[in-house]
Amino acid sequence: MNTTVLNTYQELVNAAKARLAEACPENTIRIQVGSATCENAAGALEVWQEFEKSIRTSGRKDILLHRTGCTGRCSREPIVGIFVPGKMPVKYQQVDRDMAHQIFMHHVLGGELMGEQVLDRPDTAPDYQVLVCDAQHCGCCINGSAVETFRQQLAAAELDAKKVQLIPTGCLGFCSMPRAEHTTSVHIRPDNIVYNVKSVEDVARIVKEHLVEGRVVESLVSNETSINQGFFNLYGDVVFFNRQKRIALRNAGVINPESLDEYIQYSGFKALNDVLGKGDPDWVVDQVTLSQLRGRGGGGFPTGLKWKLTRQNVKDECYIICNADEGDPGAFMDRSMLESDPFSVIEGMIIAGYAVGATRGFFYVRAEYPLAIKRIEHAIGVCRKNGLLGKNILGSDYSLDLEIRLGAGAFVCGEETALIHSIEGERGQPRIRPPFPAQSGLWGKPTCINNVETFANIPALFVFGADWFRKVGTEKSGGTKVFALAGKINHTGLVEVPMGATIREVVYNIGGGVAKGKSLKGVQTGGPAGGIIPVSLIDTPIDYDTLGKMGSIMGSGGMIVLDEDDCMVDVAKFFITFCQDESCGKCTPCREGTKRMLEILERITAGKGEAGDIEKLERLAMLVKNSSLCGLGKAAPNPVLSTIKHFRAEYEAHIHDKRCVSRKCKALIKYEVDADKCVGCTMCARNCPVDCISGTRKEPHLIDQGKCIKCGRCFEVCRFDAVNRL
Amino acid sequence: MSTTTTKIDNRAEVLDAARAALTPEIVAFIEECTADEHVHSHLIRVLHKVQGHYGYLSAEQMDAVAQLLQVPTSRVTGVATFYHFFRLEPRGKYMLSVCLGTACYVKGAERIADKLQEELGIHFGETTKDKLFSLEATRCLGTCGLAPVVMIEDKVYGGMEPDQVPALIGKYAKMAQEEKKA
């Protein structure tokens, strides 16, 4: 063991602890405001200013304003947390300036909960919440169900939901810890105590001593802190959060992304300390291989193998690159990680750099992410100042520095050889592989490129062990995956679940189901290169392999929920438009093939489809897939192929019956006034932009189909449901 | 017979002209970049800097960058035209970006886009005659929770409906008018 490294790290930890204790003494009330691009867009900056002003005018010294990144609960932002020592942590949703003022006056100063505005509007505000791990490894240990045992014991002690609320959750993250066999983890809020429970007697003791008498049952308290304890303590009461398993996002919404001290407080740089302290790069590569971590950028290439291959080729110089060119529309997890926990990505990069023998490192970030760039710049600066980057990191003999290079809005630059060209200052066009970047990459030297999420997983993998990481996932793929859940869903946001979770779990249990009570038609995964999974397959456990079999890909993890109103031909057209636009033009199949496919799809959606179009599309799609130069072209036909495979009838209806079942394709629908329902209010006629609706007051109106441009205005403004879309 | 001598090396003049075409700050940034052994790799960073100041890349500025970084002008132009982010024409006072990412698209971004083009009387990539508004389509702003969104300069407007478009444009037109008066 390298004792210099261990001592240097211990000094950092002690200094961080001392500074944090001084900045936030015990009994401080904390007001936490999210601050990421999405939070700010929703108005978090004004909320922050309002709290700043309120604290100043109140003259109180024991109230601290705390900035975090985002938790990934997009549709409820800005989110404000109020943490009063000894009280249940409370989160408010969609806070604006006025509400911030009210929260400060009533809750922070007056101690009065504003129930209506609390995140997800819980029915009760109990004294205690008992979070019981309901995951398969853990939850069934006591009499078949720990949750049920608790329910019975609580009822026996006459503690109802108003006093003690019982919340079954996903994995609390203790499975990896050295502890007695067959125990269940139980987290008690607001005391932030975790018990290991193994019998009915244990449950009875906790109920009696802790929940009734208010004494902690010391002998059952877990000695370990799990990866998610901090997160569950703040967010464990919300279903959206407590069914998740957060590894890459473990610190998002918990720590201040600009505070190294807070990152260190949550085991930050402990992994780097272990790695450099041990001083054996081969061991590092072995651990990552053992963990079965696969590249989170979409390809799913085993990370350990990639590192090993790079390491084998190093002669003098070698580079490490973080691919933060998150170009998939509908994917925003990388942005969120960079904005909410940049130190974790940097730590992952240093460990990777050490393992492969990198001499220089680069962040390749989209220029469209100004806040993410600012946060990484800041984090790199802080790391340099504290000896975590630069010469002799943590006093070891390893040196590495990181630089930021900006993208400039080219989707194809997510492909590794194109990305390398872009860093070299060229047009971002891919080249033929081999040689692979691991052999000859940036400036002809061995180069290891990994995605943001892959790096964010690395520190946790070393702190909690490769074996633990592997067990979280499926047989062939360790760990979790972050999905950006969006589209027609009730709870838009970032969802991190173990590999092997089902789409049903993500969409219904976490995402709260389809918006506006509509029915689910399918889920689009993997961005423009992915495919659509029909509702009939949503119970399939998802990992890289199963998604591939269903005609889609994991991709970077975009997950767009589509409902009955979405036309699958139109969606396929949307993605082909994207790929055609983003094709770099270097190889013919992609450049010309996507264009021709788009033309056919445009024809079909315009009601001019011909017999044989589907077969033509399939042939073209296979040609583009098989003969394109890079991943963009190879995957571009996926949306077309998967929609034809699962929704062929919709294509046929468009072509043969000239009908769009979802009533989305303009050319295939018409608007008609129902004479029985029309009261002649003239609303539609007055709103028609082309004056094609005729009729006198109090008489049924009529639409001139020849002149109608199908804008749908009449349909929207009619208050009597008298305009039909057919 | 004429006795004028032809000056063969005009490098100093060319470099002076190049420096004059850019701001001293950008020139200093370029000189900093030339210290790196891989000078050419800084081209995109430099172009970001130039566009950040002028709002677009003119032929004169691209020439200047080529001279100072010692890369062919053809390569500078090649890079500037390859990446969507770089603009070769001046932009209007307000940049209007409609997100056409997947989440926005399925929530009706196309209708917002149509309405904006109709109200402003321009297509994507164009600027209004009064130089007030430029309109562009962007790929995912990463604020899918607010879909569909429109971004004006760096302010994001979420949950947009076509009906709200005229008022939104009006608000900015009025702002510009008041600025002018002041």
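Given the rule -39500 (n - 2.57) for each run of at least 4 DSSP H residues, summed and divided by the residues of chain B, what is its mean residue ellipticity at 222 nm, to the nearest 500 deg cm²/dmol?
Numbers: 8 runs with 88 residues, N = 182.
About -14500 deg cm²/dmol.
Determine the shielding of peptide A:526-532 by partner chains: average, over its residues, the number of Cβ atoms on other chains within 10 angstrom of each Cβ.
1
Most mobile of B:Val65, B:Val76, B:Val39 per a Gaussian network model of chain B (Cα springs, under 10 Å)?
So, out of B:Val65, B:Val76, B:Val39, the one fluctuating most is B:Val39.
Using label points projected 7 Å from each Cα along Cα→Cβ, tell me how many nm separate A:Glu672 and A:Ala21, to one decimal.
Between A:Glu672 and A:Ala21, the label points sit 7.9 nm apart.
Kindly state, to the nearest 0.05, the FRET efficiency for A:Arg30 paired with A:Glu224, given R0 = 41 Å and r defined as their beta-carbon distance. Walk me through the intermediate numbers first.
On the way: r = 24 Å, r/R0 = 0.60.
It comes out at approximately 0.95.
Could you give the nm distance between label points at A:Gln10 and A:Ala649, where each point is 7 Å from its Cα heading toward the beta carbon?
If labels sit at A:Gln10 and A:Ala649, their model points lie 7.0 nm apart.
With each pseudo-label sitting 7 Å past Cα toward Cβ, what's the A:Glu475-A:Ser58 distance in nm, one decimal?
Those two pseudo-labels are separated by 5.6 nm.
Just to be sure I understand: of the beta bridges DSSP finds with both ends in segment B:94-181, what percent are antiparallel, rounded to 5? The partial results should precede the final answer.
Values: 7 of 13 bridges.
Roughly 55 percent of the DSSP beta bridges within segment B:94-181 come out antiparallel.
How much length would be gained if the chain were fully extended between A:Lys707 and A:Glu610, taking 0.36 nm per residue of separation minus their Cα-Cα distance, in nm to one decimal?
32.4 nm
Given charges of +1 on the Cβ of Lys and Arg and -1 on the Cβ of Asp and Glu, with all other atoms neutral, how large is the dipole of chain A about its Cα centre, in debye to the nearest 20? Don't jump to the answer; show the numbers that get you there.
Working: 86 positive and 87 negative charges, 287 e Å.
Dipole of chain A, to the nearest 20 debye: 1380 debye.
Quick check on packing: order A:393-400, A:211-218, A:429-436 by the mean number of other C-beta atoms within 10 Å, highest mean leading.
Details: A:393-400: 18.5, A:211-218: 12.8, A:429-436: 14.8.
Peptide ranking by packing, descending: A:393-400, A:429-436, A:211-218.
What is the dipole size for segment B:11-82, taken about its Cα centre, with +1 at each Lys and Arg Cβ and -1 at each Asp and Glu Cβ, in debye to the nearest 20? Show your work: numbers first, answer last.
Values: 5 positive and 9 negative charges, 42 e Å.
Result for segment B:11-82 is approximately 200 debye, rounded to the nearest 20.
I'd like the Karplus ³J(HN,Hα) series for segment A:271-285: coefficients 6.51, -1.76, 1.60, θ = phi - 60°, whole numbers in Hz, and an x wherever there's a Gly or Pro.
For segment A:271-285, the Karplus-derived couplings read 4, 4, 4, 4, 5, 6, x, 6, x, 9, x, 5, 4, 4, 4 Hz, x marking Gly and Pro.
Taking θ as phi - 60°, what are the ³J(HN,Hα) couplings along segment A:404-417 by the Karplus curve (6.51, -1.76, 1.60), each to the nearest whole Hz, with x for Gly and Pro?
Those phi angles translate into 9, 10, 9, x, 9, x, 10, 4, 5, 5, x, 6, 5, 6 Hz.
Write out the GluC sites (Glu not before Pro) in segment B:74-182 meeting two conditions: DSSP loop, and at most 15 other Cβ atoms within 10 Å of their Cβ.
For GluC sites (Glu not before Pro) across segment B:74-182 that sit outside H, G, I, E and B with at most 15 neighbouring Cβ atoms in 10 Å, the list reads B:Glu153.
Too long at a 19 Å Cα-Cα cut-off: which of A:Lys664/B:Lys115; A:Lys374/B:Lys49; A:Lys445/A:Lys586?
Details: A:Lys664/B:Lys115 17 Å; A:Lys374/B:Lys49 15 Å; A:Lys445/A:Lys586 24 Å.
Among A:Lys664/B:Lys115; A:Lys374/B:Lys49; A:Lys445/A:Lys586, the Cα-Cα distance tops 19 Å for A:Lys445/A:Lys586.
Can you list residues from other chains, or at least 5 along the same chain, whose modelled amide H is less than 5 Å from the amide H of B:Leu57?
B:Arg87, B:Leu88, B:Glu89
Under the definition of partner shielding as Cβ atoms of other protein chains within 10 Å of a residue Cβ, what is the mean value for peptide A:325-335? Please list the in-between numbers first.
Details: counts 0, 2, 2, 4, 13, 11, 6, 8, 1, 1, 4.
Average neighbour count from other chains, rounded to a whole number: 5.
Between B:His40 and B:Val14, what FRET efficiency comes out of the Förster formula 1/(1 + (r/R0)^6) with R0 = 22 Å and r the beta carbon distance, rounded to 0.05? Please list the in-between numbers first.
Values: r = 19 Å, r/R0 = 0.85.
According to the calculation, E is roughly 0.70.
As I understand it, the dipole of segment A:601-675 uses +1 on the Cβ of Lys and Arg and -1 on the Cβ of Asp and Glu, about the Cα centre. Which of A:Ala675, A:Ala635, A:Cys660 lies farthest toward its positive end?
Checked the options; the winner is A:Ala635.
Under a 5 Å amide H to amide H cut-off, with H placed in plane at 1.01 Å, what residues pair with A:Cys70 once short-range neighbours are removed?
Sorted by chain and number, the residues that satisfy this are A:Ser35, A:Gly253, A:Ser340.
By counting other Cβ atoms within 10 Å of each Cβ, how are B:His48, A:His106, A:His491 ranked from fewest to most? Display every interim value, and only then the final one.
Details: B:His48 17, A:His106 13, A:His491 22.
In order of increasing Cβ crowding within 10 Å: A:His106, B:His48, A:His491.
Can you show me the helix-derived [θ] at 222 nm for chain A, built from DSSP H runs with n ≥ 4 at -39,500 (n - 2.57) apiece and divided by the number of residues, rounded to the nearest 500. Each step should come with its number before you reach the end.
Values: 26 runs with 267 residues, N = 726.
Estimated from H runs of four or more residues: -11000 deg cm²/dmol.
Nearest-5 percent of antiparallel DSSP beta bridges in the protein assembly as shown?
Values: 49 of 87 bridges.
Antiparallel: roughly 55 percent of the beta bridges in the protein assembly as shown.
Could you work out how far helix B:165-181 tilts from the main Cα principal axis of chain B, as a 0 to 90 degree angle to the nearest 10?
On a 0 to 90 degree scale, this one is about 50.
Ordered by residue, what ³J(HN,Hα) values in Hz, to whole numbers, does segment A:578-592 give under the Karplus form 6.51 cos²θ - 1.76 cosθ + 1.60, where θ = phi - 60° and Gly and Pro are x?
Residue by residue, segment A:578-592 yields 4, 5, 5, 5, 8, 4, 6, x, 6, 10, 5, x, 6, 4, 8 Hz.
Roughly how tilted is helix B:59-69, in degrees to the nearest 10 and between 0 and 90, from the longest Cα axis of chain B?
50 degrees
Would you give the gap between the C-alpha center of segment A:48-84 and the C-alpha center of segment A:618-648, rounded to a whole Å?
48 Å
Among A:Pro122, A:Ala156, A:Val47, flag the residue with its Cα farthest along the positive direction of the charge dipole of chain A, charges on Cβ as +1 for Lys/Arg and -1 for Asp/Glu.
The listed residue farthest towards the positive side: A:Val47.
Bear in mind that the values in this text are calculations on the coordinates, not laboratory data. As the structure is a computational prediction, the values presented were derived from the model and not from experiment. Neighbour counts are summed over all protein chains in view; Cβ atoms, including those assigned to glycine, are modelled from backbone coordinates with ideal geometry.
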